[in-house]
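Below: one structure, written as structure tokens.
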């Protein structure tokens with residue numbers, strides 16, 4: 001249910017319905033109050049609404065729950081920047097970069113925060129600040145989406161970044177007025193309707209006598225926008241991690257075929273760290289341990305694969321493979337007939353998951369080995385002679401059933417004694 005609410009929040013956020021996104025993320029948090037990603041997502045939604053105090057609260061909660069997550073500090077820096085506290089924003093971005101030095105979003109945010117920290121403060125409510133504050137309300141996105149002239153701009157990432165920058169910092173509006181799209185949105189927010197001119201460029205109806213707005217220039221490099229919900233980024237990272245895990249698996253397979261077992265284990269272990277939703281990496285590593293004679297490590301990996309496979313509702317064939325591999329390792333470790341009991345039981349469990357001919361053969365081999373070992377453990381020529389003598393006494397007394405009983409026991413103790421067979 002929390003995942004469902006989170007997905008709805010992501011969809012609302014992507015559509016610019018930030019109030020709705022906040023509500024969905026709040027619902028998800030109520031169901032999973034310790035999930036740091038949910039607070040991060042809601043922080044982004046609050047920031048997009050210009051509600052930076054709430055965004056800061058959620059960002060602080062994100063960092064408290066997951067202090068080693070670099071992107072949480074991106075949320076924290078953005079919230080501080082939105083509240084006008086550039087020094088604290090700088091501090092937050094620097095902490096994030098200490099954890100993940102190559103994060104471009106954190107680098108951009110830090111540069112922006114440092115610029116804001118060094119810039120002279122302008123009087124609040126003057127010039128572009130006063131006009132720009134109109135962009136801070138939640139109605140901005142709904143108005144832009146509802147107007148046929150401007151709704152297409154929401155599909156243009158550079159323009160969405162500009163809008164979010166103006167939401168975060170109203171004074172930045174002036175630097176974007178060279179872009180015709182921003183002029184159109186500004187007139188929309190001011191309530192001025194456009195009329196189409198002969199050259200096809202729209203112009204405010206109340207300013208027909210004035211020169212037309214400046215020809216659209218390439219937009220200035222947009223500053224880092226308020227981060228979108230983490231799931232958008234995490235889904236991409238998730239796919240990349242899965243692809244990387246598969247490459248590690250392939251490298252491990254190649255090393256295994258070369259019998260370069262240590263290298264194979266390294267690759268399979270890396271694959272497991274990248275993607276814990278595919279238990280084949282664990283079973284593959286178990287196979288390497290089996291080849292190396294590290295049977296205890298093999299058994300541990302097989303148990304781990306079965307446990308994780310149950311959680312993920314993995315294919316029963318994969319679970320069967322893990323159990324069969326464990327059974328093989330247990331059979332290799334068997335030193336007495338009783339030791340084979342665990343291997344036989346494990347093979348039987350594997351067959352209940354998937355009736356594989358190879359597993360069935362291993363079960364039969366284990367049962368045969370157990371029987372042979374039992375015979376070896378029971379072998380005792382001394383006791384066999386005692387039982388044969390007892391059989392002879394009963395035979396002389398014509399007590400043939402009793403004689404048969406003792407001769408049979410003598411044969412079990414020494415199957416190759418021809419006197420007993422005779």
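Coordinate-derived values only; no laboratory data. Just so you know, these numbers come straight off a predicted model, no measurement behind them. We place every Cβ from the backbone using ideal geometry, glycine too, and count neighbours over all the protein chains shown.
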Would you mind putting 331-339, 408-416 in packing order, based on average other-beta-carbon counts within 10 Å, highest first? 408-416, 331-339
Protection proxy (average C-beta count within 10 Å per residue), highest first, orders 31-42, 172-183 as 31-42, 172-183
The simple spin-label model distance between residue 393 and residue 358, using points 7 Å out along Cα→Cβ, in nm, is 5.6
Just want to confirm a number: the relative contact order over the range 2-118, from Cα pairs under 8 angstrom separated by 6+ residues, in percent. 17
From the square roots a ≥ b ≥ c of the eigenvalues of the alpha-carbon gyration tensor of the range 2-118, which class results: rounded (a/c under 1.5), prolate (a/b over b/c), or oblate? prolate
Using alpha carbon centers only, the range 306-342 is separated from the range 359-422 by a whole-angstrom value of 34
Protection-proxy order for peptides 70-76, 9-15, 297-303, each taking the mean of Cβ atoms within 10 Å per residue, highest first: 70-76, 297-303, 9-15
Extension gain residue 11-residue 416, at 0.36 nm per residue separation less the Cα-Cα distance, in nm? 137.8 nm
What's the extension gain from residue 250 to residue 2 if we count 0.36 nm per residue and subtract their Cα-Cα distance? 85.8 nm
Förster radius 30 Å - calculated FRET efficiency between residue 377 and residue 404, Cβ distance, rounded to 0.05: 0.80
Determine the distance separating the Cα centre of the range 163-184 from the Cα centre of the range 63-78; give it in Å without decimals. 28
Relative contact order of the range 381-421, pairs being alpha-carbon contacts under 8 Å that are 6 or more residues apart, as %: 44
